[in-house]
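Chemist: Here it is, the structure, as structure tokens.
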């Protein structure tokens with residue numbers, strides 16, 4: 001005989017069911033969609049005054065933000081997560097896994113996949129750029145807003161670079177470059193600062209090494225356009241070898257040179273620069289072409305003819321044309337023709353935007369599933385109506 | 001009568017949902033419960049693991065000369081986004097939005113001030129002049145105000161101050177186009193300073209749409225006279241890194 005649940009057990013489950021009912025409810029879907037609409041409008045208006053980056057961070061990349069500095073308001077990330085569970089709940093508790101609801105189920109699954117794609121893009125996508133003049137090639141792209149401390153040893157043209165992303169470092173933090181046998185302790189770090197040399201008249205007692213003669217950093221307010229911030233840092237070099245005296249090094253983001261130090265008879269290079277992202281291919285600009293509107297200097301279109309070479313499992317070499325609406329896609333990377341530059345002497349530079357997105361195919365899968373779900377759903381309804389109509393005719397007969 | 005604590009049956013819900021609230025609650029409900037908790041745990045784990053993805057030292061290969069100079073006039077790093085003018089954010093203009101060809105014998109020095117795009121050292125024999133590149137926007141970039149300020153700076157004993165109005169002084173200066181596009185003027189004060197050792201100024205001023213770029217060369221009169229042509233060629237080579245060079 002089946003054991004009946006006790007009154008206490010039923011009570012315990014009651015509140016959980018109420019929560020699940022709310023999570024799966026259409027009411028929550030509508031609330032989420034209204035909040036998203038509000039955030040889109042609010043973010044667009046905010047962007048006009050505070051810039052794209054600030055608006056993106058506050059409204060679209062946050063779990064919540066403070067309204068008037070006091071009241072917490074849900075950000076897009078939180079709403080998307082709630083919407084994800086709402087769709088998941090709806091699938092389990094409102095629609096159910098029945099053949100008659102197959103279309104509806106697939107539609108919901110399609111939207112869930114779209115949100116999963118958004119999750120991957122939010123956490124794992126990387127945007128960067130490469131600037132090439134004709135006949136020049138690279139296998140690295142540069143981030144627009146993120147910075148790294150790059151350290152390497154020796155003067156070889158092909159080198160192993162050890163890099164640490166400096167975006168979230170704090171004073172006192174120790175960065176250990178184990179393979180190089182040294183650590184860097186953050187003594188000072190500024191997200192945006194000015195650099196001064198000795199002949200600027202500002203002196204300090206601290207002795208710091210810098211190849212360009214920079215002697216002092218002065219913090220200044222961070223720009224709302226994050227790409228314009230130039231970071232700087234003073235670091236203490238710590239090594240396991242007692243023969244090497246302790247010394248400090250100053251690194252500045254706009255410094256045209258890496259700082260070189262001789263440690264234990266080897267040259268060590270230290271450079272604070274825009275974060276480099278290794279690409280899965282070597283890309284060389286063969287030719288940059290531009291078309292103008294007739295009788296004007298206004299560009300109509302521009303494109304880059306590039307040679308790409310990949311090694312490893314997908315080894316290949318071929319020529320590709322990247323134009324404004326025809327990006328190059330390779331693995332998780334997409335290369336867009338973003339901009340260009342022509343020097344007075346005629347040297348042409350092509351500027352390519354590089355986007356790495358591991359979930360780039362998910363929106364396509366999602367769109368197809370929603371289409372398929374709608375098709376099944378409406379076909380099912382059509383057949384059902386026809387059956388009802390034919391049954392009615394049968395009854396009349 | 002419905003016993004207290006028993007939830008209402010959800011109208012329009014599938015049978016399996018309503019069954020949860022009846023006798024089969026324990027068995028079927030618990031299965032769903034565990035399944036949801038499992039999904040929650042997986043999602044939270046992925047979320048938090050993703051949050052910490054930037055930590056740690058990365059290693060990659062790079063080909064190129066060690067110590068290769070990054071800012072050799074070749075554009076690097078950040079750039080204006082598509083559809084944006086390169087004159088965005090003129091309050092602080094990133095150096096990598098502009099290019100120029102450095103004249104022979106001139107050397108770039110470390111940037112000594114956040115206001116400057118660049119600083120160059122100009123040497124002739126044992127004498128040295130300094131050329132600064134400063135962008136200014138709005139009224140701060142007004143030519144007359146700056147020329148007036150420079151006149152005050154070069155004023156010394158014996159200086160022949162021009163009697164003309166500022167506008168007339170400016171009209172007499174050499175005009176040219178930077179990058180064959182931007183109207184520019186070369187303001188030369190070597191004529192007002194009598195001695196070859198007097199400190200004076202020659203400045204190339206390039207007018208952009210909403211701002212001006214000042215290439216200001218300061219040093220002794222003799223050094224400046226010898227480098228006037230080079231300053232002009234430096235200004236002429238100035239160009240924007242943008243897809244909107246119209």
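Chemist: Checking the condition over 22 Å from the mean Cα position of the chain (by Cα), free of Cβ contacts under 8 Å to residues at least 40 places away in the same chain and not in a strand (DSSP E or B), which residue from B:195, B:232 passes?
Modeler: On the way: B:232 fails: free of Cβ contacts under 8 Å to residues at least 40 places away in the same chain.
Among B:195, B:232, only B:195 is over 22 Å from the mean Cα position of the chain (by Cα), free of Cβ contacts under 8 Å to residues at least 40 places away in the same chain and not in a strand (DSSP E or B).
Chemist: Can we say residue A:55 is without any contact (Cβ under 8 Å) to a residue 12 or more places away in the chain and part of a helix (DSSP H, G or I)?
Modeler: No.
Chemist: If you go through the range B:218-237 one residue at a time, do you hit one that is within 14 Å of chain A (Cβ to nearest Cβ), modelled with pLDDT of 75 or more and at positive phi?
Modeler: No.
Chemist: Ok, one more. Please indicate, with yes or no, whether at least one residue in the range A:172-181 is assigned to a strand (DSSP E or B), in contact (Cβ under 8 Å) with a residue 12 or more places away in the chain and away from chain B (no Cβ under 11 Å).
Modeler: yes
Chemist: Something else now. For the range A:128-145, name all the residues that are more than 8 Å from chain B (Cβ to nearest Cβ) and surrounded by fewer than 18 Cβ atoms within 10 Å (Cβ to Cβ). Reasoning before the result, please.
Modeler: So the first thing to find is which residues in the range A:128-145 are more than 8 Å from chain B (Cβ to nearest Cβ), and the list is A:128, A:130, A:132, A:134-138, A:141, A:143.
Matches in the range A:128-145: A:134, A:135, A:136, A:137.
Chemist: Can you confirm whether the range B:186-205 contains a residue that is within 14 Å of chain A (Cβ to nearest Cβ), crowded, with 17+ Cβ neighbours inside 10 Å and modelled with pLDDT of 85 or more? Step through it out loud before you land on a result.
Modeler: Quick first cut of the range B:186-205, residues within 14 Å of chain A (Cβ to nearest Cβ) only: none.
Checked against the condition, which is being within 14 Å of chain A (Cβ to nearest Cβ), crowded, with 17+ Cβ neighbours inside 10 Å and modelled with pLDDT of 85 or more, the range B:186-205 yields no hits at all.
Chemist: Follow-up. Of all residues in the range A:161-171, how many are at pLDDT below 90 and in a strand (DSSP E or B)?
Modeler: The initial filter retains those residues of the range A:161-171 that are at pLDDT below 90, namely A:166-171.
Restricting the remaining residues to those that are in a strand (DSSP E or B) gives none.
Of the residues in that region, 0 qualify.
Chemist: While we're on this one: What are the residues in the range B:101-144 that are surrounded by 13 or more Cβ atoms within 10 Å (Cβ to Cβ), modelled with pLDDT of 75 or more, farther than 19 Å from residue B:225 by Cα and away from chain A (no Cβ under 14 Å), if any?
Modeler: Selection gives B:143 alone.
Chemist: Now, a different point. List the number of the failed condition for residue A:63; all other conditions in (1) closer than 27 Å to residue A:332 by Cβ; (2) surrounded by 14 or more Cβ atoms within 10 Å (Cβ to Cβ); (3) within 11 Å of chain B (Cβ to nearest Cβ) hold.
Modeler: So the condition that residue A:63 fails would be (2).
Chemist: Right, here's the next one. Can you name every residue in the range B:206-229 that is in a helix (DSSP H, G or I) and crowded, with 20+ Cβ neighbours inside 10 Å? Let's see the steps before the verdict.
Modeler: Going residue by residue through the range B:206-229, those that are in a helix (DSSP H, G or I) are B:221-229.
Those that are in a helix (DSSP H, G or I) and crowded, with 20+ Cβ neighbours inside 10 Å: B:221, B:223, B:224, B:227.
Chemist: Here is a follow-up. Which one of these is more than 14 Å from chain B (Cβ to nearest Cβ), more than 22 Å from the chain's Cα centre (by Cα) and assigned to a strand (DSSP E or B): A:307, A:350? I'd like the intermediate steps shown before the answer.
Modeler: Numbers: A:350 fails: more than 14 Å from chain B (Cβ to nearest Cβ).
From the options A:307, A:350, the qualifying one is A:307.
Chemist: I would also like to ask the following. For residue A:110, state whether it is more than 8 Å from every other protein chain (Cβ to nearest Cβ) and either touching a helix residue (DSSP H, G or I) at 6+ places or on another chain (Cβ under 8 Å) or at pLDDT 90 or above (or both).
Modeler: Working: more than 8 Å from every other protein chain (Cβ to nearest Cβ): yes; either touching a helix residue (DSSP H, G or I) at 6+ places or on another chain (Cβ under 8 Å) or at pLDDT 90 or above (or both): yes.
Criteria met by residue A:110.
The values are calculated or read from the model by the stated rules, or taken from the named source; none is laboratory data. None of the values given here were measured: they were computed from a predicted structure. Positions of Cβ are generated from backbone atoms using ideal geometry, with glycine treated the same way; all protein chains shown enter the neighbour counts.
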